[in-house]
């Protein structure tokens, strides 16, 4: 199976450095809309018009808004996009909606500067083995003979790319390197390549 993996475009919460997690309605910024347009153009050049592929997305508003722009450029109906909650971003529990700066002021550093990822689990939040488990379940349900485009989130896709193409272990799971919002990868036979480099926020603030 060949899988094309796209990180959603910039949102108003990304720009404000607020935690999103599972939040469903964080709209794209004007910059994010431009990123999504560039993603759509890159994918149209890659797949051509009306490609015979399965398109999957997290049910979050930010991924679906990105998908709406991408599918328009692909000549594919938006309602052909399949959603699955197993593709949601890491659940940040009690931190959801809060400013990163507020949380750090209260409890100190919450990220690993070396890996650019959470080093502290949010109260009532999710941790990396749980993300890997839900993604493995989703992968197992895919049709093996179908090419897939998936639009999801920064941390979730770092885990997915790690599962598919390898990554340095972190908290018990293989974790791929970070990439800006709007970046698109292609993974085939365990080998990852970059189709399009986004220009959005890099780092754990995407969560």
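Details
- Note on the stretch 19-95: Kirkwood radius taken over Cα pairs, Stokes-Einstein applied at 4 °C and 1.567 mPa s, translational D equal to 99 µm² s⁻¹.
- Highest GNM mean-square fluctuation among 67, 41, 133, for the chain modelled with Cα contacts below 10 Å: 133.
- Set of the stretch 65-89 residues, backbone N closer than 12 Å to the point 7 Å along the Cα-Cβ line of residue 50: 75-77
- Taking other C-beta atoms within 10 Å as the exposure proxy, 92, 159, 12, 191 rank 191, 12, 92, 159 from fewest upward.
- The share of Cα pairs per 5 Å bin across the chain, counted from zero up to the longest distance, runs 1, 8, 17, 22, 21, 16, 9, 4, 1, 0, 0 percent.
- Cα-based Kirkwood hydrodynamic radius, the stretch 103-191, one decimal, Å: 14.4 Å
- Footprinting exposure proxy for 145, 91, 177 (fewest neighbouring C-beta atoms within 10 Å first): 145, 177, 91
- Structure remark: mean-square fluctuation, Gaussian network model of the chain, C-alpha springs under 10 Å; the largest value among 117, 184, 151 belongs to 117.
Every read-out reported here was derived from the displayed coordinates using simple, explicitly stated rules and does not represent laboratory data. The model shown is predicted, which means the values in this text are computed figures rather than measured ones. Heads up, the Cβs are rebuilt from the backbone with ideal geometry, glycines too, and the neighbour counts pull from every protein chain shown.
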